[in-house]
1. Does GLY54 satisfy the condition of being on the phi > 0 side of the Ramachandran plot and either at pLDDT below 95 or in contact with a helix residue (DSSP H, G or I) (Cβ under 6 Å, 6 or more places away or on another chain) (or both)?
2. Taking only the range 34-51 into account, find how many residues are among the acidic types (Asp, Glu) and touching a helix residue (DSSP H, G or I) at 6+ places or on another chain (Cβ under 6 Å).
3. Within the set of pairs 6 or more residues apart or between chains, which connect a residue that is closer than 20 Å to ASP60 by Cβ inside the range 22-37 to a residue that is surrounded by fewer than 12 Cβ atoms within 10 Å (Cβ to Cβ) with Cβ atoms less than 8 Å apart?
4. Quick one: GLY54 ticks every box in (1) closer than 20 Å to ARG3 by Cα; (2) under 10 Å from the mean Cα position of the chain (by Cα); (3) of a type outside the set (A, V, I, L, M, F, W, C) bar one, so which box is it?
5. Against the definition (on the phi > 0 side of the Ramachandran plot and more than 10 Å from the chain's Cα centre (by Cα)), how does GLY32 come out, yes or no?
6. Being within 21 Å of GLN6 (Cα to Cα), out of contact with any helix residue (DSSP H, G or I) (no Cβ under 7 Å at 6 or more places or on another chain), free of Cβ contacts under 8 Å to residues at least 24 places away in the same chain and not small (Gly, Ala, Ser): is that true of LYS64 here?
Amino acid sequence: MERDSQLELYQAVAARLKEAHTRVRELQVPEGVRMTLSRQLLAVTAVAKHDLAGAARRLDRLMKALDEGRIPEGD
């Protein structure tokens, strides 16, 4: 039972990460900003390998920030 819920969470996080990468790629922002956001998404991916629920929370925060127009400054 728990394995099924983990699999569902994994699938949901994977689909949302794919969507997030697409959104970042399509943003009309300077390349430095896009790189910063891409690094944040890579960090979420790395966290997902060890803490799937934590990765889902981090992805939620990142997507919420993008939805609200809070885009980080680039390097």
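The values are calculated or read from the model by the stated rules, or taken from the named source; none is laboratory data. This one's a predicted model, so the numbers in the text were calculated from it and none came from an experiment. For neighbour counting, all protein chains shown are included, and Cβ atoms are generated from backbone atoms with ideal geometry for every residue, glycine included.
1. no
2. Of the residues in that region, 0 qualify.
3. THR36/GLU73; THR36/ASP75
4. Checking GLY54 against (1) closer than 20 Å to ARG3 by Cα; (2) under 10 Å from the mean Cα position of the chain (by Cα); (3) of a type outside the set (A, V, I, L, M, F, W, C), the one that fails is (2).
5. No, not satisfied.
6. Considered against the rule, which asks whether it is within 21 Å of GLN6 (Cα to Cα), out of contact with any helix residue (DSSP H, G or I) (no Cβ under 7 Å at 6 or more places or on another chain), free of Cβ contacts under 8 Å to residues at least 24 places away in the same chain and not small (Gly, Ala, Ser), LYS64 comes out as no.
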